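S.K.: Just dropping this structure here.
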Amino acid sequence: MSKILINDATLRDGSHAVAHRLTAVQIAAYAAAAEVAGVPTVEVGHGNGLGASSLQLGESLVPDVEMLKIARSHLVNSRLGILVIPGFATINKDLSMAIEIGVDVVRVASHCTEADITERHISYARERGKEVYGVLMMSHMASKEVLIGECRKMEFYGAEGVILMDSAGVYLPKEVSEKISALVNNLTIPVGFHAHNNLGMGIANSVAAADAGASILDGSARGFGAGAGNAQLEVLVAVLEKMGYSTGIDLYKILDAGDVAEKELVEVIPSIKSTSIVSGLAGVFSGFAKPVDRIAKEYNVDSRDVFFELGRRKVVAGQEDLIIEVAMDLAHSQESK
Amino acid sequence: MGDKFKGLKVAILGSGNVGTDLLIKALRSPFLDCTLFIGRNLSSRGMTKAVSLGVKVSDLSIDAIIKDSDCCDLVFDATSALSHKQHAPILEELDKYVIDLTPANMGNMCIPAVNLQDCLSHKNTDMITCGGQASIPLAHVIGQVHDDVDYIEVVSTIASRSAGPATRANLDEYIETTEKGLKMFSGCKRAKAILNLNPAQPCIDMQTTVFAKVEKPEIERLKLAIDDMVRKIQVYVPGYQLIVPPTVENNRIVVMVKVRGLGDYLPSYAGNLDIINCAAVAMAEEYAKSLIREEESGDYVKNFNK
């Protein structure tokens, strides 16, 4: 039976769903439930990774250092994972702190064409004996040839696997199959996939990735994540089991963890709202959903127009400041009509 | 003046995007005489460009200056943070003026629109970072208008094409040095800097947003003061434009600027090269002018034209 390594993003991507306001009690409750279920890796932190708490993206209620300490104290067999994006997180401020607390798994992410900014962070974590992965965000914005080149760079820097993120939830299964098989055929390290559900493809795309040879898949409890949410973890585990893959996760216990998440963490279970569909179609990072909704209301413009304009400008994750400029521009052009 | 003044003799160390753009700007300056353009590889794009402009080049890196220390009085360091840490003590020993364009943060921090004159008494001037040059003057104004600035955050987005290997390897130093500059010039308690690279084609212009948290925003006074500062910056960075004037959104002050370059080496989207290089040239010219003033009755010009 082939194995799939599950990365549980509930306590990281899920932060987006509550504007990065996860509490200490919530983190403790979910980490404990994931440990019991035998989840291999529990990723924790601000939605955009360590060091990303900001006015630009939203400030964390609990500082990264506290989040990691709480999760660490509840994880024994499950490993503690983090995400770092160079440009937000630095080695001195964030990565060294996380390593001191005892993280096991470090994912270093960049926009899909910018892998060379991950070199120092990947090698720093590898040199300290951590399991390190490279992540390419917004991977729909690059061709499979470009993605192969960027993944090879990360492999060269020391990444032990690479993960394609569908940060905008824009892929259909056929594109996932093409890109994942291209990577699997051209790399010697494991390949993973991180889905978003904007177009209702979270599970379908994860299945397509597994069939194409991906051996790492991300999910989150009840789909708790940015925008329309991620691949729902409990469903993913069940589906993979039905397909004959082994995840090492106890089905009943992960269903329990989903219930814990619904009861303790999730304010509103992610659903595919109008803006999420538009965000997916426009190819805009799912984390933009909440600020776009807020700012569109403030400037009295249609949030769907904001998303399509942001898509036209090819914004990347981290460019949330542009939302204000776009909304102001739209408001001006409405006035002058 | 008997002899024709050719300008302060300057060498540029580093032949990447920043160094090559700086070369074109230095050649245009009536106060500067670029005597040597230094890299490590004679066939690089920057070196080829310098040769085509008729500038003397060397591939010996810092050794070029050690071997011929009379070649220049001022060195622009456009290499990398790590390299500048090695270069700084050598250049100090040789008693050169140094203008550092890397985020090594060894010298005295300079924002021409704010503290140009104060920098003259230091021999190593730190131009901070491109995002710092775009944002710190605005942060400074926010700090002048409000006396209780709790937090300043700066987000810059630049075109991927404009970020060479040293810029990419120095993101951490970029963040640390920009944050230090923000605190120093605004007096804020906490600061954060963020840098995004965007690969969109056609390339996007450099854009910088400043967010601030203050007790009581004084928006009308701030607007006037920011307009004033923008005009001061435009004197040395013509492509610096305010695109979102100070406004309060979600309990934070927001100001946004765009920087279009002069299109000297890379096209005009590379405002990040332009703003730090224009600032560096403004500083070098100020050194040149002060030396002229100092030696007005003496042999300064003759000495420099030896």
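S.K.: Which whole-number percentage describes the relative contact order of the range A:224-337, with Cα contacts under 8 Å and a sequence gap of 6 or more? It would help to have the intermediate numbers written out before the result.
M.R.: Numbers: 100 pairs, mean separation 27.8, N = 114.
Over the range A:224-337, the number comes to 24 percent.
S.K.: Lys and Arg at +1, Asp and Glu at -1: add these up for the other residues within a Cβ distance under 11 Å of A:Val237 and post the number. Walk me through the intermediate numbers first.
M.R.: Details: positive: A:Lys242, A:Lys253; negative: A:Asp8, A:Glu234, A:Glu241, A:Asp250.
Here the charged neighbours net out to -2.
S.K.: Output the 0 to 90 degree angle, nearest 10, between the alpha-carbon long axis of helix A:144-157 and the longest principal axis computed from the alpha carbons of chain A.
M.R.: Approximately 50 degrees, to the nearest ten.
S.K.: Which whole number gives the average count of other chain Cβ atoms within 10 Å of the Cβ atoms across peptide A:289-295? Mind showing how you got there, number by number?
M.R.: Working: counts 0, 0, 2, 0, 0, 2, 2.
Neighbouring Cβ atoms belonging to other protein chains average 1 per residue here.
S.K.: Plugging the Kirkwood radius over Cα pairs into Stokes-Einstein for the protein assembly as shown, at a temperature of 4 °C and a viscosity of 1.567 mPa s, what D comes out in µm²/s? Present the calculation step by step, with values, prior to reporting the outcome.
M.R.: On the way: Rh = 25.7 Å.
D = 50 µm²/s.
S.K.: How far, in degrees from 0 to 90, does helix A:24-37 lean away from the longest principal axis of the Cα atoms of chain A, to the nearest 10?
M.R.: Helix A:24-37 sits roughly 50 degrees off the main axis of chain A.
S.K.: Also, I was wondering about something else. Give a residue-ordered list of calculated ³J(HN,Hα) values for the range A:90-95 (Karplus: 6.51 cos²θ - 1.76 cosθ + 1.60, θ = phi - 60°; whole Hz; x for Gly, Pro).
M.R.: Using θ = phi - 60°, the values come out as 10, 5, 5, 8, 10, 5 Hz.
S.K.: Along the range B:19-36, what does the Karplus equation 6.51 cos²θ - 1.76 cosθ + 1.60 (θ = phi - 60°) give for ³J(HN,Hα), rounded to whole Hz, x for Gly and Pro?
M.R.: Couplings: x, 6, 5, 4, 4, 4, 5, 5, 5, 7, 7, x, 9, 10, 10, 7, 8, 7 Hz.
S.K.: For B:Ser268 and A:Asp211, what does the FRET efficiency come to when R0 = 41 Å and r is the distance between their Cβ atoms, rounded to the nearest 0.05?
M.R.: On the way: r = 47 Å, r/R0 = 1.14.
For B:Ser268 and A:Asp211, the calculated efficiency is 0.30.
S.K.: Could you give the angle, 0 to 90 degrees to the nearest 10, between helix B:81-93's Cα long axis and the longest principal axis of the Cα atoms of chain B?
M.R.: 50 degrees
S.K.: Averaging sequence separations of C-alpha pairs under 8 Å and six or more residues apart, then dividing by the length of chain A, give the relative contact order as a whole percent. Mind dumping the intermediate values first?
M.R.: Working: 760 pairs, mean separation 60.2, N = 337.
Relative contact order comes out at 18 percent.
S.K.: Give me the Å³ per residue figure for the convex hull around the C-alpha atoms of chain B. Working shown, then result.
M.R.: Values: hull volume 38.5 nm³, N = 306.
Once divided by residue count, the hull of chain B is 126 Å³.
S.K.: Considering just Cα atoms, how many Å³ per residue does the convex hull of the range A:5-264 enclose? Before the final figure, lay out each step's value.
M.R.: Values: hull volume 27.2 nm³, N = 260.
Cα convex hull per residue, to the nearest whole number: 104 Å³.
S.K.: Ok, one more. Compute the separation of the alpha-carbon centres of the range B:163-192 and the range A:91-106 and state it in Å as a whole number.
M.R.: Taking the Cα centre of each part, the range B:163-192 and the range A:91-106 sit 21 Å apart.
S.K.: Please report the spacing between the Cα centers of the range A:212-242 and the range A:116-143 in Å, no decimals.
M.R.: 22 Å
S.K.: Follow-up question, since we're still on this one. Tell me the relative contact order for the range A:274-335 as a rounded percent, counting alpha carbon contacts under 8 Å between residues six or more apart.
M.R.: 37 percent
S.K.: If you wrap a convex hull around the Cα atoms of the range B:130-259, how much volume per residue is inside, in Å³? It would help to have the intermediate numbers written out before the result.
M.R.: Details: hull volume 13.2 nm³, N = 130.
Dividing the Cα hull volume of the range B:130-259 by its residues yields 101 Å³.
S.K.: Same structure again: Which is farthest toward the positive dipole end of the range B:130-259 among B:Leu222, B:His140, B:Cys130, measuring Cα position about the Cα centre, with Cβ charges +1 (Lys, Arg) and -1 (Asp, Glu)?
M.R.: Value computed over the given set: B:Cys130.
S.K.: Could you give the distance between the Cα centres of the range A:290-309 and the range B:1-44, to the whole Å?
M.R.: Rounded to whole Å, the Cα centres lie 48 Å apart.
S.K.: Counting Lys +1, Arg +1, Asp -1, Glu -1, what net charge surrounds A:Glu262 among other residues with beta carbon under 12 Å of its beta carbon?
M.R.: Net local charge, A:Glu262 excluded: -3.
S.K.: Please report the base-10 log of the normalised intensity I(q)/I(0) for the range A:274-335, using a Debye sum with one equal scatterer per alpha carbon and no solvent, at each q in 0.25, 0.28 (1/Å).
M.R.: Ignoring solvent entirely, the Cα scatterers give -1.00, -1.26.
S.K.: Given the -39500 (n - 2.57) contribution per DSSP H run of 4+ residues, what per-residue ellipticity at 222 nm results for the protein assembly as shown, rounded to the nearest 500 deg cm²/dmol? Walk me through the numbers before you get to the answer.
M.R.: Details: 25 runs with 276 residues, N = 643.
Theoretical 222 nm ellipticity from helices: -13000 deg cm²/dmol.
Laboratory data are not the source of any read-out in this text; all were calculated from the coordinates shown. Keep in mind that what you see is a predicted model, and the values were worked out from it rather than measured. Positions of Cβ are generated from backbone atoms using ideal geometry, with glycine treated the same way; all protein chains shown enter the neighbour counts.
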